[in-house]
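Mind looking over this structure? Questions follow.
The values are calculated or read from the model by the stated rules, or taken from the named source; none is laboratory data. Everything quoted here is computed from the prediction, not taken from an experiment. Every residue, glycine among them, receives a Cβ derived from its backbone with ideal geometry; neighbour counts consider all protein chains shown.
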Amino acid sequence: MYKRGQTTLFIIIAVIIVAVALIAIFLWPSIRDRFTSEEKAGELLASQIEPLRDAIYDCVSETSENIFITLGKQAGYYRWSHVYAFLWGEDQYVVVMDKFGGNKLVNRLPSLEMIEQEFQLALEEEGYEEIESCLNDFSSFKRQIGVEPEEKDFEAEITNDKIVISVDWPITVSKKYATGTTTQKINQKDVILSIPFKDLLEVAQDIVNSEIAGEKFEGLVKQHYQTALYEQHRNIKINGIHHPSSFNVGVVILESEPTRDGENPFKFQFAISRE
């Protein structure tokens with residue numbers, strides 16, 4: 001009986017110790033702030049700003065790159081219900097040249113402005129949510145400082161050799177100290193993606209326009225094009241594949257070859273139908 005009473009007492013003491021420890025951990029930030037000077041609070045706040053901006057840059061970069069990979073796989077479109085695609089094996093190819101609805105071949109490739117709008121649509125439908133998930137509500141930073149994000153607005157500008165994501169996302173960071181709170185509003189770094197999207201789209205446009213003009217982009221036509229524009233497009237490989245069911249339906253896969261540190265190969269693919 002005595003031993004059982006001892007065991008119960010030890011359990012109660014252990015529970016009390018754990019409870020006190022949990023309370024101390026939970027209350028520690030507010031306790032610590034009561035003994036923090038304004039100077040120390042400012043130093044701690046400053047030490048967290050660049051890591052916070054870097055974390056945002058990484059999440060925006062990863063999400064944006066994934067969106068553009070999707071756009072590359074879908075001929076520049078995020079939503080392509082107004083055109084059509086065909087399945088070939090496990091892959092799906094968006095048709096950007098056909099006679100659908102008429103007797104003349106039509107070029108359905110999107111313009112750069114349209115692709116930038118498709119990027120915006122992808123952000124609104126899933127990209128912003130993915131970025132927030134990546135940052136996990138800034139939980140790793142909120143253990144040290146206050147983080148209050150405002151509305152965000154990103155825009156993409158596609159150039160020959162890169163894509164610039166303008167990141168307009170004001171965030172107020174703060175740190176309490178013994179007699180007040182120090183705050184600072186920060187904005188974010190623009191994200192640079194080493195993707196030659198414009199260059200790839202120009203080659204795609206040239207191929208489709210050649211086909212519409214009646215010159216099949218094969219054999220000598222393809223060879224002459226690559227020779228004439230070697231300097232301009234030398235880092236782009238052009239692969240064409242005929243659909244097994246018809247020589248009038250084919251797939252074009254353009255792939256950029258990396259020339260810069262941290263750059264990865266990038267594909268832009270589409271289908272054409274001469275029927």
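Could you please tell me which pairs satisfy a Cβ distance under 7 Å, a separation of 6+ or placement on different chains, a first residue in segment 48-66 that is touching a residue at least 12 places away in the same chain (Cβ under 8 Å) and in the same structural domain as residue 145 (by TED's automatic domain parsing), and a second residue that is surrounded by fewer than 17 Cβ atoms within 10 Å (Cβ to Cβ) and of a type in the set (Lys, Arg)?
Within 7 Å, the pairs are 53/189; 57/189.
Being buried (at least 18 other Cβ atoms within 10 Å of the Cβ) and either of a type outside the set (A, V, I, L, M, F, W, C) or within 8 Å of the chain's Cα centre (by Cα) (or both) is the filter here; which residues of segment 74-86 pass it?
74, 76, 77, 78
Is at least one residue of segment 176-186 charged (D, E, K, R) and in the same structural domain as residue 156 (by TED's automatic domain parsing)?
Going residue by residue through segment 176-186, those that are charged (D, E, K, R) are 176, 185.
Of the ones still in play, those that are also in the same structural domain as residue 156 (by TED's automatic domain parsing) are 176, 185.
Yes - at least one qualifying residue is present in segment 176-186.
Here's something else I'd like to know. Is there a residue being within 29 Å of residue 241 (Cα to Cα) and assigned to a helix (DSSP H, G or I) anywhere in segment 105-112? Please lay out each step first, then the result.
Going through segment 105-112, the residues within 29 Å of residue 241 (Cα to Cα) turn out to be 105-112.
Add one more test, that the residue is assigned to a helix (DSSP H, G or I), and what stays is 112.
Within segment 105-112 (the criterion being within 29 Å of residue 241 (Cα to Cα) and assigned to a helix (DSSP H, G or I)), the answer is yes, since at least one residue qualifies.
Select from segment 44-55 the residues that are out of contact with any helix residue (DSSP H, G or I) (no Cβ under 7 Å at 6 or more places or on another chain) and hydrophobic (A, V, I, L, M, F, W, C) and write down the one among them that is surrounded by the most Cβ atoms within 10 Å (Cβ to Cβ). Can you show your working first?
In the first step, residues of segment 44-55 are kept if they are out of contact with any helix residue (DSSP H, G or I) (no Cβ under 7 Å at 6 or more places or on another chain); the result is 44-47, 49-51, 53-54.
Among the residues that remain, those that are also hydrophobic (A, V, I, L, M, F, W, C) are: 44-46, 49.
Values: 44: 15, 45: 20, 46: 13, 49: 15.
For segment 44-55, the residue satisfying everything is 45.
Need pairs with beta-carbon distance below 6 Å; first residue under 26 Å from residue 161 (Cβ atoms) and within segment 203-218, second in a helix (DSSP H, G or I) and among the β-branched types (Val, Ile, Thr); sequence gap 6+ or separate chains.
Taking only residues 6 or more apart or on different chains, the pairs are 217/207.
Determine whether residue 166 is without any contact (Cβ under 8 Å) to a residue 24 or more places away in the chain, of a type in the set (Gly, Ala, Ser) and assigned by TED's automatic domain parsing to the domain that holds residue 43.
Values: without any contact (Cβ under 8 Å) to a residue 24 or more places away in the chain: no; of a type in the set (Gly, Ala, Ser): yes; assigned by TED's automatic domain parsing to the domain that holds residue 43: yes.
Criteria not met by residue 166.
Residues checked against (1) of a type outside the set (D, E, K, R); (2) under 29 Å from residue 44 (Cβ atoms):
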| site | (1), (2) |
| --- | --- |
| 108 | no, no |
| 114 | yes, no |
| 125 | no, no |
| 147 | yes, yes |
| 152 | no, yes |
| 155 | no, no |
| 158 | yes, no |
| 165 | yes, no |
| 189 | no, yes |
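Among the residues of segment 78-95, is any part of a loop (DSSP other than H, G, I, E, B), of a type in the set (Phe, Trp, Tyr) and touching a helix residue (DSSP H, G or I) at 6+ places or on another chain (Cβ under 6 Å)?
Checked segment 78-95: at least one residue is part of a loop (DSSP other than H, G, I, E, B), of a type in the set (Phe, Trp, Tyr) and touching a helix residue (DSSP H, G or I) at 6+ places or on another chain (Cβ under 6 Å).
Scan segment 141-162 for residues that are in contact with an Asp or Glu (Cβ under 6 Å, 6 or more places away or on another chain) and within 23 Å of residue 50 (Cβ to Cβ) and report the count.
Qualifying residue count, segment 141-162: 1.
Assuming residue 139 fulfils every condition listed in (1) modelled with pLDDT of 90 or more; (2) in contact with a helix residue (DSSP H, G or I) (Cβ under 9 Å, 6 or more places away or on another chain) apart from one, which condition is it?
For residue 139, the failing item is (2).
Please go through segment 143-154 and give me each residue that is exposed (fewer than 15 other Cβ atoms within 10 Å of the Cβ) and basic (Lys, Arg), ordered by number.
Step one: list which residues in segment 143-154 are exposed (fewer than 15 other Cβ atoms within 10 Å of the Cβ), which gives 143, 148, 150-151, 153.
Result: 143, single match.
Tell me which helices (runs of 4 or more DSSP H) are completely within segment 163-275 and hold 3 or more residues being buried (at least 18 other Cβ atoms within 10 Å of the Cβ), or say none if there are none. Working first, answer last.
Details: elements: 197-212, 219-228, 230-233.
Filter on segment 163-275 gives 197-212.
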